1. Let me spell it out: the conditions are (1) farther than 24 Å from Glu129 by Cβ; (2) surrounded by fewer than 22 Cβ atoms within 10 Å (Cβ to Cβ); (3) touching a residue at least 12 places away in the same chain (Cβ under 8 Å), and Leu218 meets all of them except one. Which number is the exception?
2. Show the residue pairs meeting these rules: Cβ distance below 9 Å; 6+ apart or different chains; first residue within segment 41-65 and basic (Lys, Arg); second residue modelled with pLDDT of 95 or more and assigned to a helix (DSSP H, G or I).
3. What is the residue count in segment 80-102 for residues that are out of contact with any helix residue (DSSP H, G or I) (no Cβ under 8 Å at 6 or more places or on another chain), free of Cβ contacts under 8 Å to residues at least 60 places away in the same chain and among the acidic types (Asp, Glu)?
4. Any idea which of (1) small (Gly, Ala, Ser); (2) within 16 Å of His183 (Cβ to Cβ); (3) within 15 Å of the ligand (Cβ to nearest atom) is the one Gly219 doesn't satisfy?
5. So, in segment 84-132, of the ones that are within 16 Å of the ligand (Cβ to nearest atom) and touching a Pro at 6+ places or on another chain (Cβ under 7 Å), which residue ends up farthest from Ala7 (Cα to Cα)?
6. What helices (runs of 4 or more DSSP H), lying completely within segment 175-249, carry at least 3 residues that are β-branched (Val, Ile, Thr)?
7. Taking the stated definitions as given, is Val120 in contact with a Phe, Trp or Tyr (Cβ under 9 Å, 6 or more places away or on another chain) and within 16 Å of Leu190 (Cβ to Cβ)?
8. Given the conditions (1) surrounded by 22 or more Cβ atoms within 10 Å (Cβ to Cβ); (2) in a helix (DSSP H, G or I); (3) in contact with a Ser or Thr (Cβ under 8 Å, 6 or more places away or on another chain), report the number of the one that Gly146 does not fulfil.
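The values are calculated or read from the model by the stated rules, or taken from the named source; none is laboratory data. Predicted model, so just to flag it, every value in this text is computed and none were measured. Every residue, glycine among them, receives a Cβ derived from its backbone with ideal geometry; neighbour counts consider all protein chains shown.
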Amino acid sequence: MRNLVIAGNWKMNGSQTFAQEMREALDNAEFSERITTVVFPPFLAIHTMLGSDKFAVGAQNCYTEQSGAYTGEVSPELIADAGCQYVLVGHSERRTLLGETDQVVGKKVKLAVSAGLTPVLCVGETLDERESGNFKDVVEQQVVAGLKELSGDEVKQVVVAYEPVWAIGTGKTASADQAQEVHAHIRSVLNSAFDGAGDAISILYGGSVKSENAAELLGCADIDGGLIGGASLNSKEFITICRIAADSH
Ligand code: PGA
């Protein structure tokens, strides 16, 4: 059985008050035991979210080195040492806005695993790539490059998130069929590259997931949870999505 994960990516939103309120709401929520709930606050709100028995915490990014003269960066080791269990790697906003390449993403994934973190490797095609028809190749290339430094054992520590760029923050979601098609492809790529390990790796869907579309998307055979952006900023909505995930999978 694969882990069913609902993760909230706050992006660069929130405040200390927001984090405290979210902490209280999630601590008081009833989550199904079938779900692993994770939140990804901005770095300076992580401390407010750590230590709950209801959810795990991750960072939204890490650097490609474990220490050194890299002003402003945060290493996977420090993220793990602070008490986080997860880290997002290669989110499309970082790829597009900050020029993160597949090579950088691969290095971060490797270092995150070495530090004992679970990297959530984010992949997904742009609208142009979807319309050109070669979106499966684009996603495959990102998956292979992102995991290429890992051994067969290490890869089992990774979560993959498929987030079509055209569906992030746009209100447009992939249909359940479109998402399932790419998820099944990612799983078969993982299975052939890592000797069947793909069947054990959780693949999350992300891109305008909300309570209205969660049941349809999260009910798909190869969708093992969601990476939720905008809708994770509302505690009620986020908790509802967690409940829908448990019911629909
Ligand atoms: P969204 O973001 O749910 O706001 O589309 C998802 C993500 O970027 O992780």
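1. Among (1) farther than 24 Å from Glu129 by Cβ; (2) surrounded by fewer than 22 Cβ atoms within 10 Å (Cβ to Cβ); (3) touching a residue at least 12 places away in the same chain (Cβ under 8 Å), Leu218 violates only (2).
2. Lys54/Leu26; Lys54/Asp27
3. Counting residues in segment 80-102 that are out of contact with any helix residue (DSSP H, G or I) (no Cβ under 8 Å at 6 or more places or on another chain), free of Cβ contacts under 8 Å to residues at least 60 places away in the same chain and among the acidic types (Asp, Glu) gives 1.
4. (3)
5. Arg130
6. Here the list reads 176-193, 235-248.
7. So Val120 fits the description; yes.
8. Exception for Gly146: condition (3).
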